[in-house]
Every structure is written in C-alpha cells, then in structure tokens.
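Novice: Pasting a structure below so you can have a look.
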Amino acid sequence: MLPPALLRATDWFRAYADNPDPLAATGNLVALVLAGNGPFYPLYVAFVGGTGGMPWLLLTLLSFPCFLAVPALARLQSRLGRVTLSLIATGNTIFCTWLLGVPSGVELFLLPCAMLASVLFRPSERLLMLPLSGVPVAAYLFLHDRYAPPPHSYQPAEYAGLFSMNAFSAAMISIFIGMVFSRLYVDSAARSFNE
C-alpha cells in the first residue's frame with residue numbers, strides 16, 4: 001500500500017499524462033519518465049565520472065521543465081505535444097553531447113530519439129515522422145566529431161565509465177519506448193478481434 005501523499009502524486013501524474021489521443025498519452029508517459037530522470041542525471045554522471053564537471057553538469061537540468069511541459073502542450077493539440085517531445089529529446093541529446101563530450105557516449109541517445117520520432121506518429125503523418133526521425137540521424141552525420149570543445153574534459157577512464165553508463169541508459173530507454181508503444185498495437189489488435 002502506497003502512502004497517501006505518494007498515491008496522490010501518482011494520481012496527479014497519471015491524470016496529467018492522460019490524453020484522448022493514445023499516441024499523445026503514450027508520448028506524455030515517455031516525456032514524464034524523461035523529466036523524472038532529469039534531476040538524477042547529474043548525480044549519475046558525478047558518481048561515474050567524478051565531480052570535475054560541476055557546475056557545468058547542472059546545465060543538463062535545463063531539459064527537465066521542457067519534458068514536463070509536453071503533456072500540457074499535447075492537451076492544446078496532440079500533434080504539437082508529439083512534435084515537441086521529438087524535438088526536445090533530440091535537442092537535449094545534442095546539447096548534452098557537447099556538454100559532456102562525444103567520448104561520454106551521450107550521442108548514443110540519438111538512436112532512441114530516432115526510434116521515438118518513428119513511433120509517435122501515424123502512417124497518415126509521415127510528412128512529420130520522416131523529417132523528425134531523420135533529425136537525430138542528420139545530427140550524428142553532421143555533428144559527430146565536430147562539436148565545440150566541452151567546458152570540462154574527463155580523463156579516459158572516466159569517459160569509459162560514462163560511455164558504459166550512457167550506452168546502458170540508451171538501451172534501457174529504447175526498450176521502454178518499445179514496451180509502452182507496443183501496448184497501443186496490442187490494444188488495437190484486441191479491439192479488432194472483439195469486433
């Protein structure tokens with residue numbers, strides 16, 4: 001049994017993420033998970049790579065309010081929320097790649113960014129889907145090894161640790177995105193079967 005305060009918070013976040021459009025509601029869930037992870041990311045980096053990157057490392061927190069705003073934007077217009085989520089995820093990855101340096105492995109998050117943009121839109125929205133899923137690919141092709149020097153450089157052993165952490169995290173968020181969006185296909189198949 002959850003404590004009442006935690007239960008109220010859970011209910012609030014569930015209601016905040018809810019949307020009549022199942023794609024927007026699922027995107028909202030992803031946005032809130034990413035927002036919830038945001039405040040902990042500097043701690044992960046400091047634990048693995050040391051505190052030498054402070055206070056610059058705190059700039060990773062800039063994405064927190066952006067991800068948190070996605071469900072509110074999706075309430076105004078479903079497509080607006082989904083486009084915003086895709087752009088924020090890619091923009092945050094590009095920014096953090098510069099901030100921590102390419103050897104940190106943050107660039108690997110471009111893969112789940114492309115995946116997210118691919119599943120956020122319906123087949124009838126391919127004119128949005130294709131360019132938005134192409135932005136992370138273009139970012140890799142045009143920016144890899146061309147970023148300005150980061151404000152702090154880590155030692156090779158620290159970069160190795162950060163690369164492992166970010167590779168694991170990128171894999172986990174990819175799996176999470178696949179799991180939550182696959183529910184839409186299961187629900188759709190169940191409705192078709194029952195009809």
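Novice: What are the membrane-span-like helices in the chain by this rule: whole DSSP H runs, Cα extent along the axis at least 18 Å, mean Kyte-Doolittle hydropathy at least 1.6?
Specialist: Span-like helices here: 126-143.
Novice: Local charge sum around Ala15 (other residues, Cβ-Cβ under 15 Å, Lys/Arg +1, Asp/Glu -1)?
Specialist: +1
Novice: Above 20 angstrom, tally the Cα pairs of the chain and express them as a % of all pairs, no decimals.
Specialist: Value for the chain: 58 percent of Cα pairs lie more than 20 Å apart.
Novice: Another question about this same structure. I'm a student and want to see the number: the projected area of the Cα convex hull of the range 14-92, averaged over all directions, in nm².
Specialist: 5.2 nm²
Novice: Rounded to a whole number of µm²/s, how large is the Stokes-Einstein D of the range 93-195 at 4 °C and 1.567 mPa s, given Rh as the Kirkwood radius over C-alpha pairs?
Specialist: For these conditions, the coefficient is 84 µm²/s.
Novice: So who's got an amide H within less than 5 Å of the one on Asn19, skipping anything under 5 residues away but keeping other chains? H placed 1.01 Å off N, in plane.
Specialist: Close amide H contacts, sequence-distant or interchain: Ala25.
Novice: Where Rh is the Kirkwood radius over the Cα pairs of the range 99-142, the temperature 20 °C and the viscosity 1.002 mPa s, what D in µm²/s does Stokes-Einstein return?
Specialist: In µm²/s, the coefficient is 193.
Novice: Oh, and also: In the chain, carbon and sulfur make up what percent of the accessible area (probe 1.4 Å)?
Specialist: Here it works out to 72 percent.
The values are calculated or read from the model by the stated rules, or taken from the named source; none is laboratory data. Quantities reported herein were computed from a predicted structural model and do not represent experimental measurements. Here the Cβ is made from the backbone with ideal geometry for all residues, glycine too, and neighbour counts use every protein chain on show. Protein only, heavy atoms only, side chains kept; ligands, DNA and RNA dropped before computing areas. Shrake-Rupley method; radii C 1.70, N 1.55, O 1.52, S 1.80 Å.
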